[in-house]
Amino acid sequence: MSSFPDYYTILGVQKTATSDEVRQAYKRESLKTHPDRLIKPTDAERKAATEKFQAVADAYYVLSDPVRRRQYDSLYTSKAYDNKTNDPKASTNFFAGFASMFGTSFTNNTPSNGERPNPDNVFADVFDELLRPEVERHAPWWSCLGAACGGGLGFIVANIPGLMIGAFAGNRLGAIRDAKGKSVAAVFSELGTEQRFEILRALAMKVLGSAL
C-alpha cells in the first residue's frame, strides 16, 4: 500500500488550522523550498528541491479550498498514523490516484478537473502578495525603486556583490513593469538564476527572519 501524503505536516500546521494560517504557512514553506534558492545545485539537488516545492504547492492547493479540504480530510482520517508521510513522492502518487475526486472546483491559479497544480502558478499568487505593500507604497517609480530596494536587500544578504546583483535585479523588475505592465511575479520568472536567488533570499530573510 502506498503512503498517504500528510499535507498538514508538509505545511507545518495543525489539522485545525484556519484558512489564514494555511496561507501563511504556504508563504513560509514555499520560500524555504523554492528551487531557485539553491546555489549552483547538482541535478539531483534541484530535482529533490523541485519535488518538495511541488508537494508544498499540492498541500496548499488541497487545504486552501474548503471543499477540497473536506474531501481530503475524509481520506486523511481513514489512514493509519504510520501510513501518513511528508515524503514528496507520496503527493505525486496521491494526485495520480485521487485527484479526480476534487471535481472542478478551482481558482485563477489552480487547475480544473482534478489536475495537479502548477507550483510556479500557485507561488506567483503569494509572491505578488508579499511584494504588494512595497509596490503600492512607491508606485509608479518602479525602476528607481526596484534598484534601490534590490540593492539594499542584496547588500544585507551578500554585502557589495549582493548590492550589485540586487540593484540590477530590482531595476530589471521595475523597468519591465513600467514598460509592459506585467505583474511582479511574471517579471520574476523572466530573470536569471542569480537574480531570482537574490530576490528569494531577501524575501526569505523578511518572512523567516533568517538567512536560511
### Query
So which aspartates and glutamates pass the test for Lys79, namely a Cα distance under 13 Å, with those fewer than 8 places away in the same chain ruled out?
Asp6
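Can you tell me the order of 33-46, 196-209 when each peptide is scored by its average per-residue count of other Cβ atoms within 10 angstrom, highest first?
196-209, 33-46
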### Task
Quick one: pull the percent of accessible area on region 4-131 belonging to carbon and sulfur, 1.4 Å probe, ligands and nucleic acids left out.
49
#### Entry: aspartates and glutamates whose Cα lies under 12 Å from that of Lys52, excluding same-chain neighbours fewer than 8 positions away
Glu29, Asp87
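Give Lys15/Lys206; Lys40/Lys84; Lys15/Lys40; Lys27/Lys89; Lys40/Lys206 a once-over and call out the pairs whose C-alpha atoms are over 29 Å from each other.
Check vs 29 Å cut-off fails for Lys40/Lys84; Lys15/Lys40.
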### Message
Looking at region 4-131, I'd like the Rg to Rh ratio, where Rg is from alpha-carbon atoms and Rh is Kirkwood's inverse mean 1/r.
### Response
0.95
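The values are calculated or read from the model by the stated rules, or taken from the named source; none is laboratory data. Keep in mind that what you see is a predicted model, and the values were worked out from it rather than measured. All Cβ positions, even for glycine, are placed from backbone atoms using ideal geometry, and neighbour counts span all protein chains on display. Surface accessibility is based on the protein's heavy atoms, side chains included, excluding ligands, DNA and RNA. Shrake-Rupley method; radii C 1.70, N 1.55, O 1.52, S 1.80 Å.
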